[in-house]
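Let me begin by presenting the structure, written as structure tokens, before commenting on it.
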Amino acid sequence: MSEEKVTLESLALKKPLDKLTTKELRELCINKMPLIAGVSGMDKDTIITNVKEFLEIVEEEGAVSPYKDQILTIKGQIKTMRADKVKVESRKDRTLLRRKINKLKKRTRAMAKAV
């Protein structure tokens, strides 16, 4: 019986490993990667680590976002806006500040994800 090498592409996952639930990860390991033993007693992070080792996926450590400086300045703006929001009396102005803060938060998340 010839064993094919299991690759990330051959698994045909609908979601990235980090987004799978613990139950889905356990089923994946039991059905596709029987060489990983003791999956039923592992937590999600341990299972993901073992799957990445099994598939020989190497993560780049210390990868810094090229937008790090921009993200930090935007977070500084958010911090000052939050302080201003507490001081504002008008409900309309608080709502406007809240919306601006949410837009800035979305922008920082998009920048961080763009790596």
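The values are calculated or read from the model by the stated rules, or taken from the named source; none is laboratory data. Owing to the predicted nature of the structure, the values given are computational and were not obtained by experimental measurement. So basically every Cβ, Gly included, is an ideal-geometry build from the backbone, and we count neighbours across all protein chains shown.
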Next item on the list: Working only within region 1-35, note down all residues that are modelled with pLDDT of 85 or more and of a type in the set (Val, Ile, Thr).
Entry: Thr21, Thr22, Ile30
Next item on the list: Being part of a helix (DSSP H, G or I) and β-branched (Val, Ile, Thr) is the filter; apply it to region 86-98 and report the residue that is farthest from Ala112 (Cα to Cα).
Entry: Val86
Notebook entry, point to check: Can you name the residue in region 23-41 that is surrounded by 13 or more Cβ atoms within 10 Å (Cβ to Cβ) and either without any contact (Cβ under 8 Å) to a residue 12 or more places away in the chain or not hydrophobic (A, V, I, L, M, F, W, C) (or both) and, of all such residues, is nearest to Leu55 (Cα to Cα)?
Noted result: Lys32
Margin query: Which condition from (1) under 21 Å from Thr7 (Cβ atoms); (2) surrounded by fewer than 11 Cβ atoms within 10 Å (Cβ to Cβ) is the one that Ile57 breaks?
Written below: (2)
Checklist line | The listed residue being part of a helix (DSSP H, G or I) and modelled with pLDDT under 85, out of Ala63, Ala83, Ala112 | finding: Ala112
